[in-house]
Amino acid sequence: MRLAPQNQGHEGDLYIYDDATRTAILETISADRIRTYLALANGSELRALRLYVRNAALASAFLGPLQALEVTLRNTMHRLLSDQYGEDWYEKIGLGNSQQKAIESAKQALRREGKTETPARIVAASTFGLWVGLLAKGNDRLLWRPLLHQAFNPTPARKDVYDQLDRLRTLRNRIAHHEPIIRRRLRDDYARILRLLQMLSPEVADWVRHHSRVPEVMATPVSRIGRF
């Protein structure tokens with residue numbers, strides 16, 4: 001392998017592929033995984049690998065903002081539910097089957113690790129999908145109208161919040177499973193994250209705007225992505 005200086009500051013160095021290295025990397029990624037990138041690259045293996053690197057860089061950049069959104073949403077909703085029903089609210093409010101399964105999965109994860117099933121740990125071990133599901137249509141009268149609308153300022157339509165969060169849940173899962181995200185409207189995804197955070201906590205939204213690398217990575221041409 002060889003590295004050629006790019007003179008692009010913190011973006012690092014442009015990776016130069018020889019034939020053997022390119023073949024080895026393509027085989028490691030696998031034909032199924034690289035197929036999407038080859039299609040976008042019109043069959044060019046070199047450009048497909050650069051798109052793969054761009055995808056990895058974008059996925060890495062999105063992790064911080066998505067984490068901030070998930071943690072802010074989770075803790076805000078948990079606080080509201082705890083104030084109303086107690087910290088073990090999930091045992092008291094008659095959750096739907098999917099939410100009950102999500103809570104049970106969190107408990108099972110704690111058992112496997114030999115940890116006590118405290119409310120704080122169960123909440124921390126829960127998935128993003130649990131919190132998105134609590135805002136679904138089936139919980140409109142039970143949770144949204146009497147309580148969870150208070151998490152957002154100004155109060156939006158429940159369906160709008162649910163739809164936006166569900167789109168971001170899909171993005172998060174694609175990143176977690178190393179799937180391509182470069183075909184998504186990522187600028188719209190990033191705007192959704194900031195819009196939701198602004199309603200949940202303007203302070204966290206400003207903090208994410210300051211630290212996020214998403215705009216920088218999205219603005220970098222494929223041929224200039226040096227790091228992921």
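Set side by side, the residues Val204, Val161 differ, and just one is open to solvent by less than 20 Å² (accessible area, probe 1.4 Å) and either at pLDDT below 95 or in a helix (DSSP H, G or I) (or both), which is Val161.
Each residue in segment 77-94 was checked for being open to solvent by 20 Å² or more (accessible area, probe 1.4 Å) and either within 22 Å of Arg167 (Cβ to Cβ) or basic (Lys, Arg) (or both), and 2 of them qualify. Annotation note: of Ala39, Ala68, the sole residue that is assigned to a helix (DSSP H, G or I) and surrounded by fewer than 16 Cβ atoms within 10 Å (Cβ to Cβ) is Ala39. Total residues in segment 210-228 satisfying the condition of being open to solvent by less than 30 Å² (accessible area, probe 1.4 Å) and part of a loop (DSSP other than H, G, I, E, B): the figure is 4. Pairs linking a residue in segment 188-217 that is under 19 Å from Val161 (Cβ atoms) and small (Gly, Ala, Ser) to a residue that is open to solvent by less than 30 Å² (accessible area, probe 1.4 Å) and at pLDDT 95 or above, with Cβ atoms under 7 Å and 6 or more positions apart or on different chains, are Ser201/Thr72; Ala205/Leu194; Ala205/Leu197. Taking segment 182-201 as the range and being buried (at least 18 other Cβ atoms within 10 Å of the Cβ) and either touching a Gly at 6+ places or on another chain (Cβ under 6 Å) or basic (Lys, Arg) (or both) as the test, only Arg192 passes.
Screening Leu147 against (1) touching a residue at least 60 places away in the same chain (Cβ under 8 Å); (2) aliphatic (A, V, I, L, M); (3) open to solvent by 40 Å² or more (accessible area, probe 1.4 Å) leaves a single unmet condition, (3). Test Leu168 against the stated conditions and say whether it is in a helix (DSSP H, G or I), under 23 Å from Val208 (Cα atoms) and open to solvent by less than 70 Å² (accessible area, probe 1.4 Å). Answer is yes for this residue.
The values are calculated or read from the model by the stated rules, or taken from the named source; none is laboratory data. Bear in mind the structure is a predicted one, so any value in this text is a computation, not a measurement. No Cβ is skipped: glycine too gets one built from the backbone with ideal geometry, and neighbour counts run over all protein chains shown. Heavy atoms of the whole protein, side chains included, go into the accessibility calculation; ligands, DNA and RNA do not. Shrake-Rupley method; radii C 1.70, N 1.55, O 1.52, S 1.80 Å.
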